[in-house]
Protein chains: 2
Amino acid sequence: MVQRTGIPPQLFVVLGATGDLMQRKLLPALFHVSADEMLRDKVALLGVARSPLDDAAFRGRVQASLTAAGVPEGDRRRAWASGRVHYHRLTPPGEVGYRALGERIRAIESAHGLPGNRIFYLAVPLSAVADAVREIGAAGLNRAPGFTRLVLEKPFGQDLASAEELNRSIHAVFPESDVYRIDHYLGKETVQNLIVFRFANTLFESLWDRDHIDSVEITVAEQLGVEERAAYYEGAGTVRDMVQNHLTQLLTLVAMEPPSRLDPDSIRNEKVKVLRAVRRPEADDIVLGQYGPGTMDGTRVRGYREEDGVATNSSVETYAALRLTVANWRWMGVPFLLRSGKRLSSKSTRIVVSFRRPPVTFFTGEPEDLRPNTLTITVQPDEGFDLTFELKPPGHRLEMQTHRMHFRYGEAFGPLADAYQTLLADLMRGDQTLFVRADEVEAAWEIYSALMEHRPEVHVYAAGTEGPAEAERLATSVGARWSIERP
Amino acid sequence: MVQRTGIPPQLFVVLGATGDLMQRKLLPALFHVSADEMLRDKVALLGVARSPLDDAAFRGRVQASLTAAGVPEGDRRRAWASGRVHYHRLTPPGEVGYRALGERIRAIESAHGLPGNRIFYLAVPLSAVADAVREIGAAGLNRAPGFTRLVLEKPFGQDLASAEELNRSIHAVFPESDVYRIDHYLGKETVQNLIVFRFANTLFESLWDRDHIDSVEITVAEQLGVEERAAYYEGAGTVRDMVQNHLTQLLTLVAMEPPSRLDPDSIRNEKVKVLRAVRRPEADDIVLGQYGPGTMDGTRVRGYREEDGVATNSSVETYAALRLTVANWRWMGVPFLLRSGKRLSSKSTRIVVSFRRPPVTFFTGEPEDLRPNTLTITVQPDEGFDLTFELKPPGHRLEMQTHRMHFRYGEAFGPLADAYQTLLADLMRGDQTLFVRADEVEAAWEIYSALMEHRPEVHVYAAGTEGPAEAERLATSVGARWSIERP
């Protein structure tokens, strides 16, 4: 369940409506957000692409997508997927085609009594974004009787220069206040919760600084390999695909100062301040890796260079570990350890905050033997929190054992809504908080721009392992250890 | 399971061996500590009382006690309760009788090859303690070839003057280093753990002061009434029976500074420092109550004045709530709210630490509406920890809900040993850490001495309720709320 109040009548236009993102993510999320009584008469969907389809054929695709997403058939689904779902074939390309699209939009709005609030969702490759935005502008579709919002999916450029250029193209047509850049990690429940969790709990926020925290780890581990995305991935790699966006966004939410208010720009201002305080990592702050052949769940899997569409001598990284410094008063001296990789032993996205050890121990051993308290925020799967603490085991005098308290969303609330539902509802309501601002994108690219140019060596690791052994060095160099997944 | 290493061969002498404490607590605990292979040939038990029993009759009582305590019959139990269990009838009273006891002790030690390590456990009423100690001294039993330890049960006096006098009588015969005063709350697992918990977890100890804690509550709630103890209780009341000892001991462990080392006297020095920093409560810091008739679990129960052995106009309190000030650098300004009572709605001993609220809120309402984070340490039953925190419920934007993480000893370790097992093993080993020192007793009485003399009004409350409504005032006066039991 996501919040739906405050969503006005509108037309949701998706460019690239026959693509994978539309089928797998947008259609099921749109259905869940808008199919109920409150919104079903207020929101119409217009799919746009080059394929020669009509409304009926497109509605068949919509039904197939909902079936694949596990949405049960029935009246509610039939009503939604027929009444207000339309398709427009974009032809010819260029301004003439876009003017025809404008005609179609106005016709649909008129037929459904919509007041001219429009969303243009670009579910197209990066290479097509700038052209699409320009044609929207040239056809005068950047202005409407109501609001006009532009939605972009990652990647937002390939490096700092291309990101800046893309933002210039966008701002020539849309003001930033109408631009919604999606990083779907920001829609995940535990990520949204980070701000409440930090600023409503003195227990944690009182300790949230260099005086009390020893290190922060952010791990995004995947079990999947490159799958069908080799064409894209060969031009990207883990740093562009995961680190610059998802992991860096998580970092900003962990590290940001309390905003003066909770409006979208106050929060995003604080996130940008964090990004600008991050020092560019140097060669010995980075370990890159690429998966070789290995075994996962007892099955042999191919190495990256053996995957379809991958060059047999590819040096693209499928793993990256970084040691970042946030050079400000709150965080200086606290290493932020980031890592992400494909074909790792487990699937898990988590943030691990390790607190400082006690200054003295009168228990067993030396202070270095004391295990630090840790707070683990699990973003996926099995969202929740784990807090480790030391305890005297019964029957022993003044010895210690590590135990944990935990909270799991699933136990408290049942299954959570997909991140896209949250983000689409916010978009339709006009709340930019969970969307990435232009200066955030650029500041994040700036951190990794040197790394894009002078690439470190890429170490091969066997699929199904924890990644290259060299990554250990990054953690041990700062007296930390990479977390192992909760047993 | 308690730790048994380091316990030398010894004779365990119990004076008052036919009494209730011996039957219910000491015999089962002694069995669990000493019946296994490691100790069964090293420890002998000599029960002493006035009743005309012989070894065989006493062993029958021992067997009955173990059966009542749920110890399964079998070879192990038979071997323990026969081979090394003896009885001595103390007659005539006075020095002659004690000299005869000395003869018997030496005979038993000789028969079992014991080296002359002796424990004298006084399981006798307060009125008999001073005499027994004096006679032990007069008969020369305060010295032995090995160690001689004196064990006392509460009450340790009736007020400051009588406690000082009792300590003088004891110290005329035994040095403090041989005296073991039992407060069985100190043997409870979660209480023992307090020192490890505080000083091995920076997460908590970093917040353990007036800058981060709003209030501390210590609750010992009983469902039982006065039961068979009216004769004692009419001369005692809740402040003497519970507050001066158990609740005040819990307070010292929560509030103490880290000791410089973990030896018994370093720890007890810190506890005394806390007691000396506690200001004597004034009239408006105290609410006393006495239970009237009421309903518990659907059954009518009598009021205190209707109980057998209680004066029909008794003004003895069965409930006390206090607001204490610990006037030192760590705690000044943090109210310690203590309460204990009989015939309350639930049975629970717990310590609740309420942390400060965030200084600003940009969520719903005012900072005062924010719920503070709380750490609840449950001493009994269902020992463990609960930590409450604020969370954004899924599907809402920037609202808050209170949730909890928990740890339960029962889930991690199974059933815990009775506190007496821990304390007897420590006593037999010679570790005074969990025993109350003379100056602790006196400093604790000092806090309550004015209260003993100028008794505030006693409010009647219905059995089965939360106690007198007047107790609310103590909490609300400092912006706090008494905790309700975990649902």
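P(r) for segment B:263-389, from all Cα pairs and a bin width of 5 Å, is 2, 8, 11, 13, 16, 17, 13, 10, 7, 3, 1, 0 %, short bins first.
Which GluC sites (Glu not before Pro) in segment A:424-467 sit in a loop by DSSP (not H, G, I, E or B) and have at most 14 other Cβ atoms within 10 Å of their own Cβ? If you can, show how the numbers build up before the last one.
Numbers: sites: A:Glu440, A:Glu442, A:Glu446, A:Glu453, A:Glu457, A:Glu466; in loops: A:Glu457, A:Glu466.
For GluC sites (Glu not before Pro) across segment A:424-467 that sit outside H, G, I, E and B with at most 14 neighbouring Cβ atoms in 10 Å, the list reads A:Glu457.
Considering only Cα atoms, the convex hull volume of the protein assembly as shown works out to 201 Å³ per residue. Have a look at B:Trp329, B:Pro145, B:Ser449 and report the one farthest towards the positive end of the charge dipole of chain B, computed about the Cα centre with Cβ charges (Lys/Arg +1, Asp/Glu -1). With unit charges placed on the Cβ atoms, the residue in question is B:Pro145.
Taking the axis that rotates chain B onto chain A, the chain B residue nearest to it by Cβ, with the distance rounded to whole Å, is B:Met405, 2. Rounded to the nearest 20 debye, the dipole size of the protein assembly as shown about its Cα centre is 920 debye, using +1 on the Cβ of Lys and Arg and -1 on the Cβ of Asp and Glu. What GluC sites (Glu not before Pro) does segment A:367-426 have in DSSP loop regions with at most 15 other beta carbons within 10 Å? For GluC sites (Glu not before Pro) across segment A:367-426 that sit outside H, G, I, E and B with at most 15 neighbouring Cβ atoms in 10 Å, the list reads A:Glu399. Sorted from closest to farthest, the other copies place their A:Ala283 label points 8.2 nm away, with each point set 7 Å from Cα along Cα→Cβ. The value of relative contact order for segment B:10-153, using C-alpha pairs under 8 Å at least six residues apart, is 32 percent.
Placing a label point 7 Å from the Cα of A:Ser162 along the Cα-to-Cβ direction, the distances to the matching points in the other copies come to 8.8 nm, shortest first. Computed from backbone phi, the HN-Hα couplings of segment B:96-109 come to 4, x, 5, 5, 5, 4, x, 4, 4, 4, 5, 5, 5, 4 Hz, rounded to whole numbers (Karplus: 6.51 cos²θ - 1.76 cosθ + 1.60, θ = phi - 60°; Gly and Pro given as x). DSSP finds beta bridges in the protein assembly as shown, and of those with both partners inside it, around 55 percent are antiparallel.
Which whole-number percent is the relative contact order of chain A (Cα, under 8 Å, 6+ apart)?
On the way: 876 pairs, mean separation 88.9, N = 487.
Reported relative contact order: 18 percent.
Averaging 1/r over every pair of different alpha carbons in segment A:10-153 and inverting the result gives a Kirkwood radius of 15.2 Å.
Over chain B, all Cα pairs binned in 10 Å intervals from 0 give whole-percent P(r) values of 4, 18, 27, 26, 16, 7, 2, 1, 0, listed from short to long.
Between amide H atoms placed 1.01 Å from N, distances below 5 Å from B:Tyr87 occur with B:Gly47, B:Asp55, all of them 5 or more places distant or on a separate chain.
Can you give the accessible area per residue of the protein assembly as shown, in Å², using a 1.4 Å probe?
On the way: 37750 Å² over 974 residues.
Per residue, the protein assembly as shown has 39 Å² of solvent-accessible surface.
A label point on A:Ala412, set 7 Å along the Cα-to-Cβ line, lies at 2.1 nm from each of its counterparts in the other copies, closest listed first. Which residues belonging to segment A:323-358 lose at least 20 Å² of 1.4 Å-probe accessible area when the assembly is complete, relative to their chain isolated? Those are A:Pro358, which lose 20 Å² or more relative to the chain on its own. On the principal axes of its alpha-carbon atoms, segment B:17-80 has extents of 32, 24, 18 Å, going from largest to smallest. For chain B, the carbon plus sulfur part of the accessible surface works out to 50%, probe radius 1.4 Å. Summed over qualifying helices (DSSP H, 4 residues or more, each -39500 (n - 2.57)) and divided by its residue number, chain B shows a 222 nm mean residue ellipticity of -9500 deg cm²/dmol. Taken about its Cα centre, segment A:10-153 carries a charge dipole of roughly 60 debye when the Cβ of each Lys and Arg holds +1 and the Cβ of each Asp and Glu holds -1. Under 5 Å between amide hydrogens, built in the peptide plane, is the criterion, and for B:Ile213 it picks out B:Arg356 among residues at least 5 positions away or on other chains.
Evaluating 6.51 cos²θ - 1.76 cosθ + 1.60 at θ = phi - 60° for every residue in segment A:195-212, the Karplus couplings come out as 5, 5, 4, 6, 9, 10, 10, 4, 3, 8, 5, 5, 9, 8, 7, 5, 6, 10 Hz, glycine and proline recorded as x.
Within the same chain, lysines fewer than 8 places from B:Lys154 are excluded, and of the rest, those with a Cα less than 29 Å from its Cα are A:Lys392, B:Lys25, B:Lys42, B:Lys188, B:Lys271, B:Lys273, B:Lys342, B:Lys347.
The values are calculated or read from the model by the stated rules, or taken from the named source; none is laboratory data. Worth saying up front: this structure is predicted, and the values here are computed from it rather than measured. Don't worry about glycine lacking a Cβ; one is built from the backbone with ideal geometry, like all the others, and counts go over all protein chains shown. Only protein heavy atoms, including side chains, enter the accessible area calculation; ligands, DNA and RNA are left aside. Shrake-Rupley method; radii C 1.70, N 1.55, O 1.52, S 1.80 Å.
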